[in-house]
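The structure follows.
The values are calculated or read from the model by the stated rules, or taken from the named source; none is laboratory data. In this text, all values refer to a predicted model and were calculated from it rather than measured experimentally. Because the Cβ atoms are built from the backbone with ideal geometry, glycine has one as well, and the counts that use them run over all protein chains shown. Heavy atoms of the whole protein, side chains included, go into the accessibility calculation; ligands, DNA and RNA do not. Shrake-Rupley method; radii C 1.70, N 1.55, O 1.52, S 1.80 Å.
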Amino acid sequence: MNRLVNQPVPYFDLPAQIRSIRPELDAAIARSLDNCTFCLGPDVAQFEAEFARFCGVRHCVGFNNGTSALHVAMRLLNLGPGDEVITTPLTFVATSWAISYVGARPVFVDIDDASFNLEPELVERAITLRTRALLPVHLYGNPADLEPLLEICRRHNLALVEDAAQAHGAKYRGRPAGSFGQMSSFSFYPGKNLGACGESGALVTNNDAYAARARALRDHGSTQRYYHDEIGYNYRMEGIQGAVLSVKLRHLENWTRERQRVARRYGELLAGTPLQLPRQADDAESAWHLYVVRHARRDELKRHLEANQIGCGMHYPLPLHLQKAFAHLGYKPGDFPVAEKAARECLSLPIYPELTEDQIQRVAAVSTGFFK
């Protein structure tokens, strides 16, 4: 019997994660404080080496956040006004911020209804003489279908940059997400599967020249102190965040298995409901950053869950092409019907490694009760 009949279930329980590794974090942060290496330094360098190995790539460059890493990725491709980058309208806004920061134009393409990711066939139709790159997002931790996108890039001589901000530990055809494109960006926002104690991000790549230039761009465009080769940014990762991330990285594989456990149980317990449940392709392994269900009565279901003290979220309620910030692009309602429908229906249920069986059953029971 579920022992948590009336107990709240938080949408995310970061304090529980911190408690489980607090001694390791305290020791790592204390070493960083003792060394007084607060901007970049040995803790960041150690994490960069470890995360590069984790992703199966040659280089990891630490940044102050994932948005900065993606911005620098656009700089490394030398994109600017008049250039176009094809991406998804259903994601966090930072994906398209990066394109806009360099003066290029985000070109949106509709998504696949099952995966929430870019629909490759529609991507090819959107290519013009101005297209320079594809920027797929591994949304909710579920890898995009990369092989067709890579083939499109080969045929049209385009760059592919992965937005892997939600996909730490995800795999596509047995390889880590983030290891397929010319480069990829990750976010280590505290709520991510691999989260810092503050803001952080990274760019990963197998390209030596990209890595070297990225390191310069994040540090004021400098490779030698007080000598600046190009306009750069103050995008450096803090030393303490490098120390924290090295600790958490040791636990990431186990945390991913626990997220997979939660996703499997939801799949079993919610199978008989009218909810559209998330699915992963046979050749992919989701990191299950989010567990997003869909239903036409999403808003009512959300109120029902919240009334029963079940945390939930919406990722994302308004697609990017309908945001005021992108009104100048000229899109209108109905341009991307699959993404728009998903935005009206999506609801994120609690999913994190510390979620107990009793909590999972309570979320499922309250969700099922809505339809009775």
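Does any residue of region 147-161 turn out to be open to solvent by less than 20 Å² (accessible area, probe 1.4 Å), among the hydrophobic types (A, V, I, L, M, F, W, C) and under 18 Å from TYR291 (Cβ atoms)?
Checked against the condition, which is being open to solvent by less than 20 Å² (accessible area, probe 1.4 Å), among the hydrophobic types (A, V, I, L, M, F, W, C) and under 18 Å from TYR291 (Cβ atoms), region 147-161 yields no hits at all.
Whether any residue in region 267-274 is under 25 Å from the mean Cα position of the chain (by Cα), of a type in the set (Gly, Ala, Ser) and loosely packed, with under 15 Cβ neighbours inside 10 Å is what I want to check.
Yes, the conditions are met somewhere in region 267-274.
From PRO350, PRO319, which residue is in contact (Cβ under 8 Å) with a residue 24 or more places away in the chain, in contact with a Gly (Cβ under 6 Å, 6 or more places away or on another chain) and buried (at least 20 other Cβ atoms within 10 Å of the Cβ)?
PRO350
Restricting to region 211-256, what's the tally of residues that are farther than 18 Å from PHE186 by Cβ and not in a helix (DSSP H, G or I)?
Qualifying residue count for the region: 15.
Being in contact (Cβ under 8 Å) with a residue 12 or more places away in the chain, surrounded by fewer than 23 Cβ atoms within 10 Å (Cβ to Cβ), closer than 17 Å to ALA98 by Cα and touching a Leu at 6+ places or on another chain (Cβ under 6 Å): is that true of GLY181 here?
Criteria not met by GLY181.
What helices (runs of 4 or more DSSP H) lie completely within region 58-177 and have 1 or more residues being of a type in the set (Gly, Ala, Ser) and at negative phi?
Qualifying helices (runs of 4 or more DSSP H): 66-76, 94-101.
Which residue is farthest from HIS289 (Cα to Cα), if the candidates are limited to region 19-41 and must be without any contact (Cβ under 8 Å) to a residue 60 or more places away in the chain and in a helix (DSSP H, G or I)?
For region 19-41, the residue satisfying everything is ASP34.
Let me ask something additional. Of all residues in region 289-316, which are open to solvent by less than 30 Å² (accessible area, probe 1.4 Å) and part of a loop (DSSP other than H, G, I, E, B)?
HIS289, LEU290, GLY311, CYS312, listed by residue number.
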